[in-house]
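Comments concern the structure below.
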Amino acid sequence: MTDSTIPRQSAAPAGHALPQARSGVLPWAGIGFGLGGYFLWGISPIYFKAAGGAGIPLLELNAHRVLWSCLLCLTILLAIGKRKDWLAVLRTPRLRKALAGSAVFMLINWLVFVWAIDRNQVIACSLGYYINPLFAVLLGRLVLKERMSRVQWGAFGLAAAGVAVLVGNADSAIWLSLIIAVTWGFYGLIRKRNPVDSLIGLTVETMVLLPFALAYLGWLVWTGEGALGTADSWTHLLLLLAGPVTTAPLVLFAAGWRRLRVATMSLLQYLSPTLQFLLAVLLWNETFTGAHAVAFACIWGALIVYSWNSWQTARKAM
C-alpha cells in the first residue's frame, strides 16, 4: 500500500493529501473510484507474492518500485498540466524537507510490508492497516490537539485491548503490524501538516528516493546480480508493473476523495485490510489463532464504533 493522512474523522491511506470533499449527493462515480483504489491496495499482496516467487529480492523490488513509480507519476503529472504546481512545491524549502521526511516513512513501510508478505505474514499486514486509522486519530489528538469524544476514546481503548491480546500471547508478528501502523501514521501526520496534492506529493517523494534506488540498481547491474536485463520475460514484466501497482490505487483514491465526504471514504478504506485478511486465510492458508480472533474482534468492533460515531458527527454538521 502506498501510502495516510489524519482527517478529523479517520485516516486515509498513506501517501495521499486530502482534497476537500464536495458537498451534496454522493455521486456513484466517486464511490466507484474509492472502492477501486482500496480494492487494488487490498489485492496488492498477490503481486508481491508473485514477485517473491519469481526470485526478485526485496531491496531490488522496492528500488524498481521507486524508479517506475517516479517515471509514471512524472508522466501523469505533466500530461494533466500540473507542472507549475509541482515546480512550486520543489521551490518551497519547507515542503521539500517535509516530503523528504515522509519519503523515509513511506520507504520503511514499503520494506516492512513486502518483507511480511514474503514471509507469509499477510494477516499481520492486514492487522496493521486496521490499527492505523486509530493510531492516526491518536496522533491527531496528541500532536495536532484534535478533540476526541468519549466514544472515540472508548474505541481506541478497545483496539488497544486487541493488540494487548496478541502481545500477551507472544505473537511476534504483532510487531510487524505495529510498524506498519506507526509508519503509516507518522507519514500521514507529516502530510497532514504539509498539505500537498496527492500525485505531486508522491512524485516528489519518489524523486527523493530515486538517487538511492538508481545507485543500488546500478550496483546490481555492475556486479551482474540484477534481474533487469538478465531474467526471463515474466520477471521483467513484474518489475515494470511495480510502478502501476504503486500509483494506480493513488490515482483512483484521489479521484474518489474529490467526490466523496470524509466519512464515506473513512468507511470504504476498511476494504483493503479486509481483502488482505481474506487472501491470507483463504488463499495462502495462514494460521488464524484464537488470539487473532479476539484481537480482530476488538479492532473490528472499535472501527465500527468509531466509524459510526464519525458518520453521525458528519451528518449533524451538514
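The values are calculated or read from the model by the stated rules, or taken from the named source; none is laboratory data. Note that the coordinates shown come from a computational prediction; the quantities given were computed from them, not determined experimentally. Here the Cβ is made from the backbone with ideal geometry for all residues, glycine too, and neighbour counts use every protein chain on show.
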Of these, TRP68, TRP86, TRP110, TRP115, which one is in contact with a Lys or Arg (Cβ under 9 Å, 6 or more places away or on another chain), aromatic (Phe, Trp, Tyr) and either closer than 23 Å to SER272 by Cβ or surrounded by 19 or more Cβ atoms within 10 Å (Cβ to Cβ) (or both)? TRP110
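Has segment 28-49 got any residue that is among the basic types (Lys, Arg), out of contact with any Cys (no Cβ under 7 Å at 6 or more places or on another chain) and at pLDDT 85 or above?
We begin by selecting, within segment 28-49, every residue among the basic types (Lys, Arg); these are 49.
Filter once more, so that each one left must be out of contact with any Cys (no Cβ under 7 Å at 6 or more places or on another chain): 49.
From what is left, the residues that are at pLDDT 85 or above are 49.
Taking every residue of segment 28-49 in turn, at least one turns out to be among the basic types (Lys, Arg), out of contact with any Cys (no Cβ under 7 Å at 6 or more places or on another chain) and at pLDDT 85 or above.
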Among the residues of segment 95-104, are any crowded, with 21+ Cβ neighbours inside 10 Å, over 21 Å from LEU199 (Cα atoms) and within 21 Å of the chain's Cα centre (by Cα)? no
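Hey, among the residues in segment 138-155 that are assigned to a helix (DSSP H, G or I) and touching a Phe, Trp or Tyr at 6+ places or on another chain (Cβ under 8 Å), which one's modelled with the lowest pLDDT? Please lay out each step first, then the result.
Let us first name the residues in segment 138-155 that are assigned to a helix (DSSP H, G or I), namely 138-142, 150-155.
Of the ones still in play, those that are also touching a Phe, Trp or Tyr at 6+ places or on another chain (Cβ under 8 Å) are 138-139, 151-152, 155.
On the way: LEU138: 82, LEU139: 84, VAL151: 82, GLN152: 76, ALA155: 81.
So the residue we want is GLN152.
Being closer than 29 Å to LEU210 by Cβ and either in contact with a strand residue (DSSP E or B) (Cβ under 6 Å, 6 or more places away or on another chain) or crowded, with 18+ Cβ neighbours inside 10 Å (or both) is true for just one of GLY128, GLY140. Which residue is that? So that I can check it myself, show each step before the final result.
Numbers: GLY140 fails: closer than 29 Å to LEU210 by Cβ.
Residue meeting the stated conditions: GLY128.
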Counting only residues in segment 174-224 that are β-branched (Val, Ile, Thr) and either in contact with a Pro (Cβ under 9 Å, 6 or more places away or on another chain) or farther than 22 Å from ALA242 by Cα (or both), the one surrounded by the fewest Cβ atoms within 10 Å (Cβ to Cβ) is identified as THR223
Which residues, counting only those in segment 45-85, are under 14 Å from ALA227 (Cα atoms) and basic (Lys, Arg)? ARG65
Taking segment 158-211 only, how many residues are at negative phi, hydrophobic (A, V, I, L, M, F, W, C) and part of a loop (DSSP other than H, G, I, E, B)? 2
Scanning segment 212-231 for residues that are of a type outside the set (A, V, I, L, M, F, W, C) and not in a helix (DSSP H, G or I), the one modelled with the lowest pLDDT turns out to be GLY229
Flag for GLY188 being more than 26 Å from GLN121 (Cα to Cα) and at pLDDT below 85: no
Among residues belonging to segment 232-270 that are more than 20 Å from SER69 (Cβ to Cβ) and surrounded by fewer than 17 Cβ atoms within 10 Å (Cβ to Cβ), point out the one that is modelled with the lowest pLDDT. ARG258
Considering only residues of segment 271-308 that are closer than 23 Å to SER149 by Cα and surrounded by fewer than 19 Cβ atoms within 10 Å (Cβ to Cβ), which is modelled with the highest pLDDT? ALA297
